[in-house]
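Nothing in this text is a laboratory measurement; each read-out follows from the coordinates by a stated rule. Values in this document were obtained by computation on a predicted structure and should not be read as measured data. Cβ placement follows ideal geometry from the backbone for every residue including glycine, while neighbour counts extend to all protein chains displayed.
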């Protein structure tokens, strides 16, 4: 997945999907969020907040979904996704049962990512 | 679901499940996390951190899962779950495809909840 932004402690990757979907990784691997130093956790939460606000303003989605699972890849990473009534899985999670053939017509993801990065 | 703890701004409910699963709700309804006042968001994150540490110490799970979706119930609430290799869905999310008939033998959830609440 392409890295759209990174610094010494975090990086943001853009997931390839029908929906706007970014993933925040810590640069150092930690298994659980409580293993992550406080200042890094605060940086993750601040970033999730910024991304959410930008996604809401740009895409006007039905709902934002945020999660940190790591069952397949046990290093801390946070997914943030803009969800739409017409996407293939809504109201199920993006790992749930497919509800329909999604046919979204959204503004440019590339433009969104570039604009977001400028504001970080 | 039974409320195990509440104050003016948050409450914690215990989900009935084969796994240890708590849900944090804000007392006032907000649709998205970025609509929640900063001090309440900080309280949610602090609570997730405390619960995670207690779950790790008490249950020694394979992984902690944390998420805020709200696609069915569009008011901010955070799930925190202790996951085990032998639970019915691991490594899928608890909303994913069932992998097996889980047959967990875990220490008392009631005791865990009572001990947790004393530490809040």
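The chain B residue nearest the rotation axis shared with chain A, using its Cβ and rounding the distance to whole Å, is B:67, 2. Each peptide in B:37-43, A:101-107 gets a packing score, the mean of other Cβ atoms within 10 Å over its residues, and the list from highest to lowest is B:37-43, A:101-107. Fewest-first ordering of B:117, A:36 by other beta carbons within 10 Å of each residue's beta carbon gives B:117, A:36. Once the C-beta distance of residue B:101 and residue A:31 is scaled by a Förster radius of 22 Å, the resulting FRET efficiency is 0.20 to the nearest 0.05.
Distances between equivalent label points of residue B:74 across the copies, with each point positioned 7 Å along Cα→Cβ, amount to 3.8 nm, shortest listed first.
Taking N as the number of residues in the stretch A:1-60, what is its Cα Rg relative to 2.2 N^0.38 Å? Kindly include the intermediate steps, with their values, before the conclusion.
Details: Rg = 12.3 Å, N = 60, 2.2 N^0.38 = 10.4 Å.
Compactness ratio reported: 1.18.
Relative to the longest principal axis of the Cα atoms of chain B, the long axis of helix B:38-59 makes an angle of roughly 20 degrees. Across the identical copies, the 7 Å label point of residue A:60, projected outward along Cα→Cβ, sits 5.4 nm from its counterparts, in ascending order. Placing a label point 7 Å from the Cα of residue B:104 along the Cα-to-Cβ direction, the distances to the matching points in the other copies come to 3.1 nm, shortest first. The mean number of partner chain beta-carbon atoms within 10 angstrom of a residue's beta-carbon across peptide A:33-42 is 3. When both the stretch A:29-98 and the stretch B:49-93 are represented by their alpha-carbon centers, they are found 14 Å apart. Per-residue Cβ neighbour counts within 10 Å put B:1, A:94, A:55 in the sequence B:1, A:94, A:55, beginning with the fewest. Over chain A, what is the relative contact order in percent, taking alpha-carbon pairs closer than 8 angstrom and at least six residues apart? 23 percent.
Quick one, can you get me the convex hull of the C-alpha atoms of chain B expressed as volume per residue in Å³?
Details: hull volume 12.4 nm³, N = 120.
In chain B, the Cα convex hull volume per residue is 103 Å³.
For chain A, a Gaussian network of Cα nodes joined below 10 Å ranks A:68, A:88, A:108 by mean-square fluctuation, and the top entry is A:108. Computed over the alpha carbons of the protein assembly as shown, Rg followed by Dmax gives 17.6, 51 Å.
Under the 0.36 nm per residue contour assumption, what length would be gained going from the current alpha-carbon distance of residue B:8 and residue B:120 to full extension? Please report the intermediate quantities before stating the final value.
Working: separation 112, 0.36 × 112 = 40.32 nm, distance 1.39 nm.
That works out to 38.9 nm of additional length.
Remark: mean inter-chain Cβ contacts per residue of A:54-67 equal 4, using a 10 Å Cβ-Cβ cutoff to other protein chain atoms. Computed from Cα atoms, the angle from the helix B:109-119 axis to the main principal axis of chain B rounds to 40 degrees.
Hey, in the GNM for chain B with a 10 angstrom Cα cutoff, which one of B:83, B:53, B:100 fluctuates hardest? Result: B:100 has the largest fluctuation of those listed.
Summarise the partner chain shielding of B:91-98 as one whole number: the mean count of Cβ atoms from other chains within 10 Å of each residue's Cβ. The partial results should precede the final answer.
Details: counts 6, 5, 7, 2, 5, 7, 3, 0.
Neighbouring Cβ atoms belonging to other protein chains average 4 per residue here.
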